[in-house]
Every structure is written in C-alpha cells, then in structure tokens.
Amino acid sequence: MDEKKPTPQEIAEENKKIRMLRFMVDFTISLIYQGNLTKEEAVEHFLKVRDFALRLFPGKEEAFEIIYAPRFKRIITEIYGLH
C-alpha cells in the first residue's frame, strides 16, 4: 500500500471546497423553495450547481447524482409538480 497521506493544506483545501459546495446547494434550494422561478429556471439553477460541483470535484459525477440530485429533484417536483 503506497497511499500518500494528504497534507494539512490539502485537507484544508478539500474542506473549503466542501463548504463552498454546501453553501451553493443550500442557497439554490432556498431560491427554488421561494417559488419565484419557473420550473425551467429551477432546473437551470440545479444544472449550474451540478456544473459548479463537478468543477470543484472533477470525476465525481456519480457522487453528485447520489447525494444531491435526488434532493433537487424532490424539491422541484414538490414545488412545480410532476410536469
């Protein structure tokens, strides 16, 4: 096992990215919950958050789809209905 242990700086950077993503997700969900957007705008904001997450964490599409996508889809369905 030749795994390199992350440095304190790498850990701090990773934590910063996680906080930034969490803020963007929470902010966007709050914006969608206000109900002032069209369904198309809400979906567009979701896709922008997804793009932001994948820029922060390249190659983690599956993690985003498991962790965040269901939450966004549930909220968008709750606010705007199935159609």
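Structure note, pairs Lys16/Lys73; Lys39/Lys73; Lys48/Lys73: Cα-Cα distances above 20 angstrom occur for Lys16/Lys73.
Just check the chain against the gyration tensor rule for me: Cα atoms, a ≥ b ≥ c as the square roots of the eigenvalues, rounded for a/c under 1.5, and otherwise prolate or oblate depending on whether a/b exceeds b/c.
Here the chain falls in the prolate category.
Computed about its Cα centre, the charge dipole of the stretch 8-80 is approximately 140 debye, with only Lys, Arg, Asp and Glu carrying charge at their Cβ. Over all other residues within a Cβ to Cβ distance under 13 Å of Leu82, the charged ones net out to +2, with Lys and Arg as +1 and Asp and Glu as -1. Taking every DSSP helix (H) stretch of at least 4 residues in the chain, weighting each as -39,500 (n - 2.57) and dividing the sum by the residue count yields a mean residue ellipticity at 222 nm of -25000 deg cm²/dmol. Placing a label point 7 Å from the Cα of Asn15 along the Cα-to-Cβ direction, the residues of the stretch 49-83 with a backbone N closer than 20 Å are 56-57.
Bear in mind these aren't lab numbers, they're just calculated from the coordinates by the rules spelled out. These numbers were taken from a predicted model, which means no experiment stands behind them. Cβ sites come from the backbone with ideal geometry, for glycine too, and all protein chains shown count toward neighbours.
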